[in-house]
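Participant: Structure below; questions to follow.
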Amino acid sequence: MFDYETPQKKSSADWSGTIIGVMLLPVFFVFVYLGKAEMGFNAMLVLGLAMIAVKLRWRLRKHVWFWATIALILLLHIPLLFIVRWPQGNVPTLAYSLPLGIADFLLISGAISLAQRVFANGSSDDEEP
C-alpha cells in the first residue's frame with residue numbers, strides 16, 4: 001500500500017557463468033566420445049575455474065603479460081591432465097576433482113597476481129579496488 005522505497009535502477013544480470021559452462025560443454029562431449037568422461041569432467045572443471053579466474057581479472061586484458069601468463073598456465077595444464085592417473089571406480093569424480101579445481105583456481109589467481117606485481121609499472125588502472 002505504502003511505497004516508501006525509491007525505485008532502484010535495475011542492473012542487467014551477469015550471465016558469464018552460464019556462458020562459460022556452455023562454452024565448455026564441447027570439451028566434455030569430446031572426452032565422452034573418446035570414452036574418458038571422468039577426464040572430460042576434470043578438464044571441464046579446471047578450465048571453468050581458470051576462466052572464472054580470468055573473468056575476475058578481466059580489467060587486465062589489455063596487457064600482453066596477462067595473456068602470456070594465462071597461456072603459460074594453460075600449457076602447464078595439458079601434461080597434468082594426461083599424466084595424472086585419475087581414480088577409477090567407486091569414488092565419485094566430484095569428490096577428488098573439486099578440491100583440485102579449487103586449488104588450481106587459487107594457483108591461477110596467485111600467478112596472475114604475481115605477474116601483475118612483476119610486470120605492472122605502477123600504473124593506477126592495474127591496482128586492486
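Participant: Simple spin-label model, 7 Å along Cα-to-Cβ: Leu100 to Ile19 in nm?
Facilitator: 2.9 nm
Participant: Expressed in nm to one decimal, what extension gain is obtained for the pair Lys36 and Leu107 from 0.36 nm per residue of sequence separation less their Cα-Cα distance?
Facilitator: 23.0 nm
Participant: Using the basic label-point model (7 angstrom from Cα toward the beta carbon), what is the Phe82 to Val118 distance in nanometres?
Facilitator: 2.6 nm
Participant: Run the numbers for Ile52 and Leu75: contour at 0.36 nm per residue of separation, minus the present Cα-Cα distance, in nm.
Facilitator: Here the answer is 6.5 nm.
Since every read-out is calculated from the coordinates, none of them should be taken as a lab result. Not measured: the values here are computed from a predicted model. All Cβ positions, even for glycine, are placed from backbone atoms using ideal geometry, and neighbour counts span all protein chains on display.
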